[in-house]
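The values are calculated or read from the model by the stated rules, or taken from the named source; none is laboratory data. Note that the structure is predicted; figures quoted are calculated from it, not measured. Cβ coordinates were reconstructed from backbone atoms using ideal geometry, including for glycine residues, and neighbour counts include every protein chain displayed. We work out accessible area using only protein heavy atoms, side chains counted, and drop any ligands, DNA or RNA first. Shrake-Rupley method; radii C 1.70, N 1.55, O 1.52, S 1.80 Å.
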Amino acid sequence: MVLPDAGPKNPFQYQMIKYLRENGFVVSLGRKKQLFSIYTALKSSKPEIIYFDWIHGFIIGKNLPGSCVKSLIFCFEIFYLIYVKRLPIIHTAHNIQNHNQKWLIPERWIYRFFLQNCCRIRVYSEAFKKEITRKFSLEPHRIYVIRDVPFHQHYTNLTNQVQSKVRLGIDKSAFLYLFFGRIEPYKGLENLIRAFISITKSDNYLILAGASLDQEYISELQQLTGNHARIIWHNRFIAEKDVQYFFNAANVVVLPFTRIDHSGSVDLALSFSKPVITLKTKAMADLLPHQDTLLFERPEQLTNCLLLAQKMNLSAIGARNFQTADAANYPDLLKLFQMSKS
């Protein structure tokens, strides 16, 4: 059983489920409810293994009392899974802490309790494995570095750059920067907007594509962009069939995170053979050593990265990035679940 259902807006989970089913596993999805969602999901099925993606939604509420109630119920449900039902728990650790930076101290206590009760933990990089091992006092032998099924096995990709730019109303000779993903404060979009505005070239465009759940934040960003003629907003969830147009139109993808452990947007860019400008972490440096100069350590370096991208062989970098995505060790997912089943 997979918990919680990440929904169609996070296709990496559906790709994993499809891959497991194709290889003989029977997989069910547990619906996310307000309280006791784990117990309720368990009653609807008789799983041999429980798999969790993010657990923040199970423990963080709208306020402190709500978070305390949710966290207490979550710990009770994990105790029930381990000591009553005796079910193995597998978890993919996407992030050390929640993106909204809410209730970090109690979250860390509960996350430690949860991780120490997982039989196996999956992460995306050796750097993150070392960090999570140290921070939560975990045994390294329980942690496996396994990347996702590549996104090019999921998304349609039948258009070229000229067709895609025409579709988006961009001149075919223009240099296009793309931000793609949900619009949230930790993604550093204000830094990207300021950096792009500082570039005066008239044939440069920036597309910001993705939905926002925080209307106040999106309003602040839109005020920052003002009426800039070369900054184009697509403030909505991008339908699956349209994703190809945004990535194929782009010359380079810019993901100006202020912090990052793992990003599905980076993986998506690699699957569309795109160079990526993003925050330099140990994990990103290890993943993208061939485009190290496009990784920034401080926000003030972002402008230079934008300008540098125009002088580089982006096609060659994109081809290497596709190879990186295509070489992902996702078949090891089968071993991870088979070991837990046995």
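Brief remarks on what is shown
- Computed from phi, the 3J(HN,Hα) profile of the stretch 315-327 under the Karplus parametrisation 6.51, -1.76, 1.60 (θ = phi - 60°) reads 5, 5, 5, x, 5, 5, 5, 4, 4, 4, 5, 6, 8 Hz, with x in place of Gly and Pro.
- Accessible surface for the chain, divided over its residues, is 47 Å² per residue with a 1.4 Å probe.
- Karplus-based coupling profile of the stretch 170-179, in residue order and whole Hz: 10, 4, 5, 8, 6, 9, 10, 9, 10, 9, with θ = phi - 60° in 6.51 cos²θ - 1.76 cosθ + 1.60 and x standing for Gly or Pro.
- Simple point charges give the picture: +1 on the Cβ of Lys and Arg, -1 on the Cβ of Asp and Glu, and for the stretch 201-255 a dipole about the Cα centre of about 220 debye.
- Overall form of the stretch 216-302 per C-alpha gyration tensor (a/c, 1.5; a/b vs b/c): oblate
- Between Asp214 and Leu307, the simple label model (points 7 Å from Cα in the Cβ direction) yields a spacing of 3.0 nm.
- With eigenvalues of the C-alpha gyration tensor scaled by 5 and rooted, the stretch 88-225, Å: 38, 21, 13
- Gyration tensor (alpha-carbon) shape descriptor, the stretch 301-342, a/c threshold 1.5: oblate
- For the residue pairs Lys241/Lys280; Lys70/Lys102; Lys187/Lys280, alpha carbon separations beyond 21 Å are given by Lys241/Lys280.
- Val252 long-range amide H proximity, modeled H, under 5 Å: Leu176, Leu178
- Cα gyration tensor, the stretch 39-156 - rounded (a/c under 1.5), prolate or oblate: rounded
- 5 Å-binned pair-distance histogram of the stretch 139-195 (Cα, whole percent): 4, 11, 13, 13, 16, 19, 11, 5, 4, 3, 1
- Accessible area of the chain belonging to carbon and sulfur atoms, whole % at 1.4 Å probe: 53 percent
- Ellipsoid semi-axes in whole angstrom, largest first, where each is sqrt(5λ) of the Cα gyration tensor of the chain: 37, 22, 19
- 3J(HN,Hα) from dihedral phi, the stretch 144-154, Karplus parametrisation 6.51/-1.76/1.60, rounded to Hz, x for glycine, proline: 10, 8, 9, 8, 6, 4, x, 5, 6, 8, 10
- Sites Ser202 and Lys85, calculated FRET efficiency, Cβ-Cβ separation with R0 56 Å, nearest 0.05: 0.30
- Amide N of the stretch 301-342 lying under 14 Å from the label point, which is placed 7 angstrom from the Cα of Ser28 along Cα→Cβ: none
- Ranked packing of 68-76, 178-186, most packed first, by mean Cβ within 10 Å: 178-186, 68-76
- Listed peptides 188-194, 156-162, 85-91 by packing density, highest first (mean Cβ within 10 Å): 188-194, 85-91, 156-162
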